[in-house]
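K.L.:
Let me begin by handing over the structure; questions about it come next.
The values are calculated or read from the model by the stated rules, or taken from the named source; none is laboratory data. Predicted model only: the values in this text are computed from it and were never measured. For neighbour counting, all protein chains shown are included, and Cβ atoms are generated from backbone atoms with ideal geometry for every residue, glycine included.
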Amino acid sequence: MIVPIASNILIIERTIRMPGVSSMLLFFLFVILISQVSAQLTCDYSKVGNYTASSTYNTNLNTLLSTLSSNTEINYGFYHFSHGQSPDRVNAIGLCRGDVEPDECRSCLNYARSNLTQDCPNQKEAIIQYDNCMLRYSNRTIFGNLEFQPGYCVRNLSNVMDGDQSKQALANLMGKLKGVAASGDSRRKYATDNVTTGNFETIYGLVQCTPDLSETQCNDCLDGAISDILPCCNLRFCGGGVRPSCNIRFENYRFYKQTTVLDPEESGNTIVIAISIVVPTVVVVFLICLCLYLRRRKARKNLVVKENDVEDEIKIAESLQFNFNTIQVATEDFSDSNKLGQGGFGAVYRGRLSTGQMIAVKRLSRDSGQGDTEFKNEVLLVAKLQHRNLVRLLGFCLEGNERLLVYEYVPNKSLDYFIFDPNMKAQFDWESRYKIIRGIARGLLYLHEDSRLRVIHRDLKASNILLDEEMNPKIADFGMARLFLVDQTHANTRRIVGTCGYMAPEYAMHGQFSVKSDVFSFGVLVLEILSGQKNRGIHHAENVEDLLSFAWRSWKEQTAINIVDPSLNNNSRNEMMRCIHIGLLCVQENLADRPTMATIMLMLDSYSLSLPIPAKPAFYMNSRTRSLPGSSESIIKSAQESENEVSVTELYAR
């Protein structure tokens, strides 16, 4: 039977009372039954309702769960994805214990998938938890939400001694592990260790959170699990606590295996390897799913994020909301000494929370006509994105006229501060620049293909690339970003937003944007990083050319190395030439000729891959005459004279 011991904790225990049966027989029956309790299953635990076998929800659920065996994110023991549209949208989370190998993880999740749909038929919300994995799904938003229920206590069959010494040692161990796990990244929040008590007893402990939680959320979840276990449970009786968002376990023997440390470069390499291996299979599956999808509904031409939907998303993210007074104190009342910079929609300030954590606060201008819209858009997008090459949103504040976004603090300013400053760029070697190019590419690949949302940034430029303490790039400023459906390839708009010099021609002139628009901006950025020059007037002999024109002319004359920043040595000439080649492929006039970010990652990582010959770039200017497809003189002048690189928000295509 399942015995409740606290408001949100359950003890799994099976007892047998049979008259006339000996104590020894009862003992053996008890052991047999305990051995069968390998999973905790809860169906429809929030009473959100049922679905029918022929419903759209059932189709979406089956489609979503079928991706478990091929999803590359499981390599890190964590899976999250969504499928379908509201109200039949299905959200799923799968988590494997941190020491479980990828193949074993997939097997466990696939086993869980089979049992979950079989044992919880027609339930719109269900969760199943094993020793090695957990799988849950729901028709409500569950990604990034901290959830304590349903929770239960795992029976401890080992001989963990009770007593104040053991409990204190265990509390110290769990407190240490909690801090390590909570500070993990978006791939894994997991920690193990052991402690020896005063009675020379060794206790082994394990804690884990779902990686979609913030550090604060993970701490809160583990605090709750630990506080529920320690005061109320005899350590011989309860050896751990399991919740949807986190779990803990302790034994007097080492029950976990050695865990592989995640390499900082591992994420990018895994993506490249996965793409090269599963592309044929994914293409086939994608085409099948596309055909089924097109039969059921008409393709939507535009994805419009309505204000009501955004408000719902903000309500869901209440756990991320900061009090205005907290931010006011952290930034010393938004003092000028803490001001980091001024963006198109407001100022950015440095701050320090009472916990000692450094933050960056974006304060939207009160007189900005687009402030509310851009604010809601950024919260909606960034709160759902988790990648080490994206700036992480810690929370937001929405009080009165105040609109604040709270980000992780990135100490080394933005990329333009280094590559365009004559003194700073001399200290910026090629190894650092190449690392930044690859990091930006990984971040864009995640936005375009690997996140559960397809996101077009629309304002990728050097000033929107921030650098952390190890000079790793982080893409920032999602106020102009747009959501795409998974199978959507492009969209149109009459409101052109972005920065002159980085906008693709089809976007600047006709309002057409797609992933290839971001690819164009990436190509400009690559050439700027290589040359240390902005994409505008470059004085070369008696001519003045923009960077793309100069790069293309140098390429045609087989002197492309001339565009490389003179402060760089030529020890990595081959890498530099390959990056010039890639940059020119990205800025080609015909968007169909531009590579995708997945292909670009392969180009950067595989020198055996032959690159196609680039065609003439867009906005090509021969000497003083610019070739701008379908352009008007006013647009050309605007692009040439955008000296301060501010974002253009009211430029309409003709």
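K.L.:
Filter segment 86-100 for residues that are modelled with pLDDT of 85 or more and outside any strand (DSSP E or B) and give the result.
P.N.:
Looking only at segment 86-100, we keep the residues that are modelled with pLDDT of 85 or more, and these are 88-100.
Listed by number, the residues that qualify are ASP88, ARG89, ARG97, GLY98, ASP99, VAL100.
K.L.:
So, one more: Take ASP119 and tell me if it is assigned by TED's automatic domain parsing to the domain that holds GLY77 and over 22 Å from TYR76 (Cα atoms).
P.N.:
yes
K.L.:
Are any residues in segment 570-602 crowded, with 23+ Cβ neighbours inside 10 Å and of a type in the set (Gly, Ala, Ser), and if so, which ones?
P.N.:
Hit for segment 570-602 is GLY583, nothing else.
K.L.:
Could you check segment 96-115 and list, in sequence order, the residues that are loosely packed, with under 15 Cβ neighbours inside 10 Å and either within 23 Å of the chain's Cα centre (by Cα) or closer than 23 Å to THR192 by Cα (or both)?
P.N.:
The answer is GLU101, PRO102, ASP103.
K.L.:
Could you give every pair whose Cβ atoms fall below 8 Å, whose first residue belongs to segment 600-611 and is within 16 Å of CYS586 (Cβ to Cβ), and whose second residue is outside any helix (DSSP H, G or I), counting only separations of at least 6 or pairs across chains?
P.N.:
LEU602/LEU609; MET603/PRO595; MET603/LEU609; MET603/LEU611
K.L.:
Of (1) surrounded by fewer than 23 Cβ atoms within 10 Å (Cβ to Cβ); (2) of a type outside the set (Asp, Glu); (3) over 28 Å from the mean Cα position of the chain (by Cα); (4) at pLDDT 60 or above, GLY511 satisfies all except one. Which?
P.N.:
(3)
K.L.:
May I pose another question? In segment 189-219, what count of residues is obtained for those that are part of a strand (DSSP E or B), more than 30 Å from LEU353 (Cβ to Cβ) and not hydrophobic (A, V, I, L, M, F, W, C)?
P.N.:
Residues in segment 189-219 being part of a strand (DSSP E or B), more than 30 Å from LEU353 (Cβ to Cβ) and not hydrophobic (A, V, I, L, M, F, W, C): 4 in total.
K.L.:
Within segment 59-68, work out how many residues are at pLDDT below 75 and touching an Asp or Glu at 6+ places or on another chain (Cβ under 8 Å). Give the steps one after another, and end with the answer.
P.N.:
Step one: filter segment 59-68 for residues at pLDDT below 75, giving 67-68.
Filter again for touching an Asp or Glu at 6+ places or on another chain (Cβ under 8 Å), leaving none.
Adding up the residues that qualify gives 0.
K.L.:
Okay, next question. I'm checking my understanding of the structure. Among residues of segment 147-188 that are under 14 Å from LEU213 (Cα atoms) and in a loop (DSSP other than H, G, I, E, B), which one is modelled with the lowest pLDDT?
P.N.:
SER186
K.L.:
Just one of THR355, THR331 is at pLDDT 80 or above and farther than 21 Å from SER186 by Cβ; which is it? Write out each step before concluding.
P.N.:
Working: THR355 fails: farther than 21 Å from SER186 by Cβ.
Just one listed residue meets the conditions, THR331.
K.L.:
Continuing with the same structure: Return the residues of segment 546-569 that are surrounded by 13 or more Cβ atoms within 10 Å (Cβ to Cβ) and of a type outside the set (A, V, I, L, M); say none if nothing qualifies.
P.N.:
ASP546, SER549, PHE550, TRP552, ARG553, SER554, TRP555, ASN562, ASP565, SER567
K.L.:
While we're here: Quick check: is even one residue across segment 36-58 at pLDDT below 60, surrounded by 14 or more Cβ atoms within 10 Å (Cβ to Cβ) and outside any loop (DSSP other than H, G, I, E, B)?
P.N.:
No; the residues of segment 36-58 include none that is at pLDDT below 60, surrounded by 14 or more Cβ atoms within 10 Å (Cβ to Cβ) and outside any loop (DSSP other than H, G, I, E, B).
K.L.:
Next up: It is to be established whether one or more residues within segment 213-221 are hydrophobic (A, V, I, L, M, F, W, C), out of contact with any strand residue (DSSP E or B) (no Cβ under 6 Å at 6 or more places or on another chain) and at pLDDT below 85. Spell out how you get there, then give the answer.
P.N.:
To start, the set of residues in segment 213-221 that are hydrophobic (A, V, I, L, M, F, W, C) comprises 213, 218, 221.
When the remaining residues are screened for being out of contact with any strand residue (DSSP E or B) (no Cβ under 6 Å at 6 or more places or on another chain), the result is 213.
The next check asks that each one be at pLDDT below 85; those that pass are none.
No, there is no match, as no residue in segment 213-221 is hydrophobic (A, V, I, L, M, F, W, C), out of contact with any strand residue (DSSP E or B) (no Cβ under 6 Å at 6 or more places or on another chain) and at pLDDT below 85.
K.L.:
Output the residues belonging to segment 133-143 that are surrounded by fewer than 20 Cβ atoms within 10 Å (Cβ to Cβ) and not hydroxyl-bearing (Ser, Thr, Tyr).
P.N.:
Going through segment 133-143, the residues surrounded by fewer than 20 Cβ atoms within 10 Å (Cβ to Cβ) turn out to be 140-141, 143.
Listed by number, the residues that qualify are ARG140, PHE143.
K.L.:
Further question on the same structure: Among the residues of segment 419-443, how many are of a type outside the set (Ser, Thr, Tyr) and within 16 Å of LEU527 (Cβ to Cβ)? Full working, then the answer.
P.N.:
From segment 419-443, those of a type outside the set (Ser, Thr, Tyr) are 419-431, 433, 435-443; that's our starting set.
Next cut, within 16 Å of LEU527 (Cβ to Cβ) only: 419-420, 425, 428, 430, 433, 436-438, 440-441.
Total satisfying the criteria: 11.
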